[in-house]
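A.B. asks: Input: one structure, supplied below.
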Amino acid sequence: MLVLFETPAGFALFKVLDQGKLDKVEDLWKEFTTSDSARKVVELKAFNKFENTSDALSAATLIIDSKPTKGLRKFLQKHCEGETLAVADSKLGNAIKEKLKIDCVHNSAVMELMRGLRNQLTELISGLGTQDLGPMSLGLSHSLSRYKLKFSPEKVDTMIIQAIGLLDDLDKELNTYAMRVREWYGWHFPELTKIVTDNIEYAKVVKLMGNRTNAVNLDFSEILTDDEVEAQLKEAAVISMGTEVNDLDLSNIRELCDQVLSLSEYRAQLYDYLRSRMNTIAPNLTALVGELVGARLISHGGSLLNLAKQPGSTIQILGAEKALFRALKTKHATPKYGLIYHASLIGQAAPKHKGKISRSLASKAALAIRYDALGDGEDNSIGLESRLKLETRLRVLEGKELGRSAGSTKGKPKIEVYEKDRKGAGALITPAKTYNPSADLVLAKSAEEPAKKPETASKKRKHDEAETAPSTEPAGEAIQEDGDQEVRKKKKKKSKDSEESAATNTNGEKKKKSKGGKEEPAGSEKKKKKNSDVQDSKIVAMETESGKKDKKKKKKHTDE
């Protein structure tokens, strides 16, 4: 049996002389207490030396990943034909067995044997001293640690945080210096402030022109792109209302202009540096919200890793903490966005859609940040894909298509109306319902009723006109006559109805049947007629009494 042992100098193969001693694992360490006893157990068969440090580093990294190197495969094929190989790593043994078809062994006895070989390594391998093995192992460990050590994202975030902080400070300083130049030179040439609005162009014009009297003879085409602005400047310089300044004042103003221009150049360089770092460290976040907004989010969160731990709702209001806590304290509406408000996607949205787009953008930004911080890929595919989705959502919101459906309506099944009377392909189980003309009787009755209303209304109008119209007779007599007429008309109607019912009963000689189906005698019909006459007389009496009461009320009204 052979034993594969890895050293900082190379791979060593030892042949086991007495395999019976491997059965006693507990007493195996006693065999390696001295070099002489160790030589009785194992013997060096072959040694594969590394050529240089890079070769040793590549071999060590592959061994850590349980993969044999090309040199190791050749070494084992040469010396391990028909032998059993003892290895310290079971995964490495499986890989060797698959690729080289060499039987490998890994157990407690092998691990104890490896421990003994490590103890007597310098004695068993000739030419490998302790003074050489120590520096070799130390150098290999340092190289391996540098190779395996990943670049800390927090250190990279520190560069981004410092750069965005310095960029904001430079913007403030530039605005302060530019306003100072405008105020200082404005005493000499106040009209120039309205003609040249850009701060950098203003500083360049002041540095080139100096005294306003020199403007007529100078060419500002390299600074000012518009010819009309240059013509206005030269005209205003001739008729300016500013005060005169001496050369010492102008020299100080020009030095301040140099400071403004140098700061602007450094700011451009710093912005390019920040953009390159953001595209390297957080490409998906940069593609989604831009370099400046992404850098401010990282700076506010502390680091990219800390920002990756935050949910989308926190990223949405990051930077608006004061407004959030004020709203929670006063029980008002909470803010919808913080630093993310300055992203281009939210700037494109209408004011009523900014809240929806900011919420969607924050959720997509949270995914992009997590992929940048924890993922292995270095492309910005996720950020570009998320941006396209948000742009389509923005177009849907602007096109007022959200009320119809939140997503695309293509491919959705059509909802068919359920008809229980249909069977198969259009066949009906029950016959179709036809129009019922008898239902129009209700409409006819309702049509007759409004026709009767005008008659009653006309009667009421006549009655009211009779009351209000001036009469030669006393008011009391007129009221009595009206009441008597109404009572007479009602009596005539009742008598006519009773006569018509009696005529139909006598002439038609109709016989009514009772509930049991038997015919009723003629005497019962007479009794019914009497009862109806009695009821009619009672109704007439009640109406006459009500008419008298109405007359009394009307008399009192007229007396008053």
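A.B. asks: Considering Glu416, Glu401, which residue is acidic (Asp, Glu), over 21 Å from Gly294 (Cα atoms), at pLDDT below 85 and surrounded by fewer than 10 Cβ atoms within 10 Å (Cβ to Cβ)?
C.D. replies: So the residue among Glu416, Glu401 that is acidic (Asp, Glu), over 21 Å from Gly294 (Cα atoms), at pLDDT below 85 and surrounded by fewer than 10 Cβ atoms within 10 Å (Cβ to Cβ) is Glu416.
A.B. asks: Moving on to the next point. Name every residue in region 45-78 that is in a loop (DSSP other than H, G, I, E, B) and either hydrophobic (A, V, I, L, M, F, W, C) or at pLDDT 85 or above (or both), in order of residue number.
C.D. replies: Scanning region 45-78 gives a single hit, Phe50.
A.B. asks: Can you find a residue that is surrounded by fewer than 14 Cβ atoms within 10 Å (Cβ to Cβ) and touching an Asp or Glu at 6+ places or on another chain (Cβ under 8 Å) anywhere in region 1-15? Before you say what the answer is, go through the steps one by one.
C.D. replies: Start the filter on region 1-15 by keeping residues that are surrounded by fewer than 14 Cβ atoms within 10 Å (Cβ to Cβ), which leaves none.
Checked against the condition, which is being surrounded by fewer than 14 Cβ atoms within 10 Å (Cβ to Cβ) and touching an Asp or Glu at 6+ places or on another chain (Cβ under 8 Å), region 1-15 yields no hits at all.
A.B. asks: While we're looking at this one, here's another question. Evaluate region 367-374: report whether one residue or more is open to solvent by less than 60 Å² (accessible area, probe 1.4 Å) and among the β-branched types (Val, Ile, Thr).
C.D. replies: Taking every residue of region 367-374 in turn, at least one turns out to be open to solvent by less than 60 Å² (accessible area, probe 1.4 Å) and among the β-branched types (Val, Ile, Thr).
A.B. asks: I'd like to know if region 78-90 contains one or more residues that are closer than 21 Å to Leu140 by Cβ and among the small types (Gly, Ala, Ser).
C.D. replies: yes
A.B. asks: Scan region 224-251 for residues that are open to solvent by less than 70 Å² (accessible area, probe 1.4 Å), closer than 15 Å to Tyr185 by Cβ and either of a type outside the set (D, E, K, R) or touching a helix residue (DSSP H, G or I) at 6+ places or on another chain (Cβ under 6 Å) (or both) and jot them down.
C.D. replies: Leu233, Ala236, Ala237, Ser240, Gly242, Val245, Leu250, Ser251
Every residue, every condition in (1) charged (D, E, K, R); (2) in contact with a strand residue (DSSP E or B) (Cβ under 6 Å, 6 or more places away or on another chain); (3) outside any loop (DSSP other than H, G, I, E, B); (4) farther than 16 Å from Leu261 by Cα, yes or no:
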| position | (1), (2), (3), (4) |
| --- | --- |
| Tyr177 | no, no, yes, no |
| Thr193 | no, no, yes, yes |
| Thr197 | no, no, no, no |
| Glu201 | yes, no, yes, no |
| Lys207 | yes, no, yes, no |
| Asp219 | yes, no, no, yes |
| Ile223 | no, no, no, no |
| Glu228 | yes, no, yes, yes |
| Ala231 | no, no, yes, yes |
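A.B. asks: Taking the residues in region 79-110 that are part of a helix (DSSP H, G or I) and over 56 Å from the mean Cα position of the chain (by Cα) as candidates, determine which candidate is nearest to Ala12 (Cα to Cα).
C.D. replies: His79
A.B. asks: Going by the conditions given, is Thr34 exposed (fewer than 13 other Cβ atoms within 10 Å of the Cβ) and out of contact with any helix residue (DSSP H, G or I) (no Cβ under 8 Å at 6 or more places or on another chain)?
C.D. replies: In short, yes.
A.B. asks: Next question, about the same structure. Is one or more of the residues making up region 82-92 modelled with pLDDT under 85, open to solvent by 70 Å² or more (accessible area, probe 1.4 Å) and in contact with a strand residue (DSSP E or B) (Cβ under 6 Å, 6 or more places away or on another chain)?
C.D. replies: There is no residue in region 82-92 that is modelled with pLDDT under 85, open to solvent by 70 Å² or more (accessible area, probe 1.4 Å) and in contact with a strand residue (DSSP E or B) (Cβ under 6 Å, 6 or more places away or on another chain).
A.B. asks: Is it the case that some residue within region 26-42 is at pLDDT 80 or above, hydroxyl-bearing (Ser, Thr, Tyr), within 60 Å of the chain's Cα centre (by Cα) and assigned by the TED database to the domain that holds Ser143?
C.D. replies: Among the residues of region 26-42, not one is at pLDDT 80 or above, hydroxyl-bearing (Ser, Thr, Tyr), within 60 Å of the chain's Cα centre (by Cα) and assigned by the TED database to the domain that holds Ser143, which makes the answer no.
The values are calculated or read from the model by the stated rules, or taken from the named source; none is laboratory data. Predicted model only: the values in this text are computed from it and were never measured. We place every Cβ from the backbone using ideal geometry, glycine too, and count neighbours over all the protein chains shown. We work out accessible area using only protein heavy atoms, side chains counted, and drop any ligands, DNA or RNA first. Shrake-Rupley method; radii C 1.70, N 1.55, O 1.52, S 1.80 Å.
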